[in-house]
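Student: The structure under discussion is supplied below as structure tokens; questions concerning it will follow.
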């Protein structure tokens, strides 16, 4: 695996990953700040008003990237959980654990901004259509995974139970994404997709993609920071950092 | 085969089984998952009887009329195949317009008029500056559809 001259597996050990994450966090945080700043500027000052919704549509620059991230992060979390189950690897479970709160935050943000967008355009804060309901279920999945992990004291069992939960829940992601195509919904279809040219003005798409990149950088920075906490919390080793007393060793075990 | 390969195969098989199961469940609940019924479904009597439901489609051009009280409105919802006249007393959402999408909740009257208790505007996924929209409107012949999800094709 050393085709780049770097032993990547070195970083799969928490002891090596902890300082690496610490070095990477400032870079990703700075990138997130710059990209979100630029994205919001383009979205609010450069992008034109919409022909039917006026300025109300501008919430799309937060809503759509947040909704994308909520789904991306779930898939990534489930992938780490599956890897953890397959390899019996603690760091994979830790990654899944570190991603969950950020995913839940973006899901909540997508629901909140969607609600704020729905009132002026549709005329309702909330409707029980397939898109909105499946996204709400995703929020409950995130919360359920976090709670399930927290409710089991034995770390190995907590890891495995929440990983199975995360993997089972991954079926909801394609349901959310395709809900507007499979069923008729109040929610409009996708403006930007892999298969068709965007159905929005170019500056609007730019703002949305820059915001998405910014949210990615933010997610990575926050996940790494949380990962460091998780590592320290779970891998308290007596030889870590300072000379530990016998009492501290006993506590860590 | 190493134990970890076995575990990955098990996880993969589990996910496939789960995907198949959820596809079957979603298929079974297909009719319950739709948010609204189309005018064609209303015409074919495929809508629930005796209870409220939602109809969705496009507000037919030139069909919007207001009564003297300023609150009661009449309009026609169409999916370009069938039409359903709708009566609604209340405040319409800002984006409610002729030629645009609408979803109305209510009950079908005996005379075939849909008595709506709530009207929601359904906008499409196209966003553009007003100038571009004007140019597009001039270039486009009337009746052409700009969105695949605004008016659901009759099935």
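The values are calculated or read from the model by the stated rules, or taken from the named source; none is laboratory data. Keep in mind the model is a prediction, meaning the values are calculated, not measured. When we count neighbours, we look across all protein chains shown, and the Cβ atoms used for this are built from the backbone with ideal geometry, even at glycine.
Student: From the set of residues in region A:40-67 that are touching a residue at least 24 places away in the same chain (Cβ under 8 Å) and over 30 Å from residue B:99 (Cα atoms), which is surrounded by the fewest Cβ atoms within 10 Å (Cβ to Cβ)?
Tutor: A:40
Student: Further question: Which is buried (at least 19 other Cβ atoms within 10 Å of the Cβ) and more than 9 Å from chain B (Cβ to nearest Cβ), of A:166, A:158?
Tutor: A:166
Student: Please tell me if residue A:155 is closer than 29 Å to residue A:15 by Cα and out of contact with any helix residue (DSSP H, G or I) (no Cβ under 6 Å at 6 or more places or on another chain).
Tutor: yes
Student: Same structure, new question: I'm trying to understand the selection: among the residues of region A:171-187, which are in a loop (DSSP other than H, G, I, E, B), in contact with a helix residue (DSSP H, G or I) (Cβ under 7 Å, 6 or more places away or on another chain) and within 7 Å of another protein chain (Cβ to nearest Cβ)?
Tutor: Hits for region A:171-187 are A:171, A:183, A:185.
Student: Another one. Kindly provide the set of residues from region B:79-113 that are in contact with a helix residue (DSSP H, G or I) (Cβ under 6 Å, 6 or more places away or on another chain) and under 28 Å from residue A:56 (Cα atoms), ordered by number.
Tutor: B:79, B:95
Student: Continuing with the same structure: Of everything in region B:88-106, what is more than 12 Å from chain A (Cβ to nearest Cβ) and crowded, with 16+ Cβ neighbours inside 10 Å? Give them in sequence order.
Tutor: Hit for region B:88-106 is B:106, nothing else.
Here's the yes/no breakdown for (1) assigned to a strand (DSSP E or B); (2) within 14 Å of another protein chain (Cβ to nearest Cβ); (3) modelled with pLDDT under 85:
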| residue | (1), (2), (3) |
| --- | --- |
| B:6 | no, yes, no |
| B:11 | no, yes, no |
| B:14 | no, yes, no |
| B:17 | no, yes, no |
| B:20 | no, yes, no |
| B:41 | no, yes, no |
| B:54 | yes, yes, no |
| B:74 | yes, no, no |
| B:86 | yes, no, no |
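Student: Considering only residues that are more than 10 Å from chain B (Cβ to nearest Cβ) and more than 14 Å from the chain's Cα centre (by Cα), look in region A:64-100 and name the one that is farthest from residue A:210 (Cα to Cα).
Tutor: Only one residue fits best here, namely A:90.
Student: Quickly run through region B:48-66 and pick out the residues that are surrounded by 16 or more Cβ atoms within 10 Å (Cβ to Cβ) and touching a residue at least 60 places away in the same chain (Cβ under 8 Å).
Tutor: Scanning region B:48-66 gives B:56, B:57, B:58.
Student: Of (1) more than 8 Å from chain B (Cβ to nearest Cβ); (2) touching a residue at least 60 places away in the same chain (Cβ under 8 Å); (3) in a loop (DSSP other than H, G, I, E, B), residue A:126 satisfies all except one. Which?
Tutor: All conditions pass for residue A:126, except number (2).
Student: So, one more: Find the residue count for region A:93-127, including only residues that are surrounded by fewer than 20 Cβ atoms within 10 Å (Cβ to Cβ) and within 29 Å of residue A:13 (Cβ to Cβ).
Tutor: Counting residues in region A:93-127 that are surrounded by fewer than 20 Cβ atoms within 10 Å (Cβ to Cβ) and within 29 Å of residue A:13 (Cβ to Cβ) gives 2.
Student: Please work out which residue is surrounded by the fewest Cβ atoms within 10 Å (Cβ to Cβ), limiting yourself to region B:1-46 and to residues that are closer than 23 Å to residue A:132 by Cα and touching a residue at least 60 places away in the same chain (Cβ under 8 Å).
Tutor: Among those that are closer than 23 Å to residue A:132 by Cα and touching a residue at least 60 places away in the same chain (Cβ under 8 Å), it is B:35.
Student: Here's a follow-up. Select, from A:57, A:11, A:41, the only residue that is more than 25 Å from residue A:142 (Cα to Cα), in contact with a strand residue (DSSP E or B) (Cβ under 6 Å, 6 or more places away or on another chain) and part of a helix (DSSP H, G or I).
Tutor: A:57
Student: Right, here's the next one. If you check A:124, A:110, which single one turns out to be in contact with a strand residue (DSSP E or B) (Cβ under 8 Å, 6 or more places away or on another chain) and closer than 30 Å to residue A:52 by Cβ?
Tutor: From the options A:124, A:110, the qualifying one is A:124.
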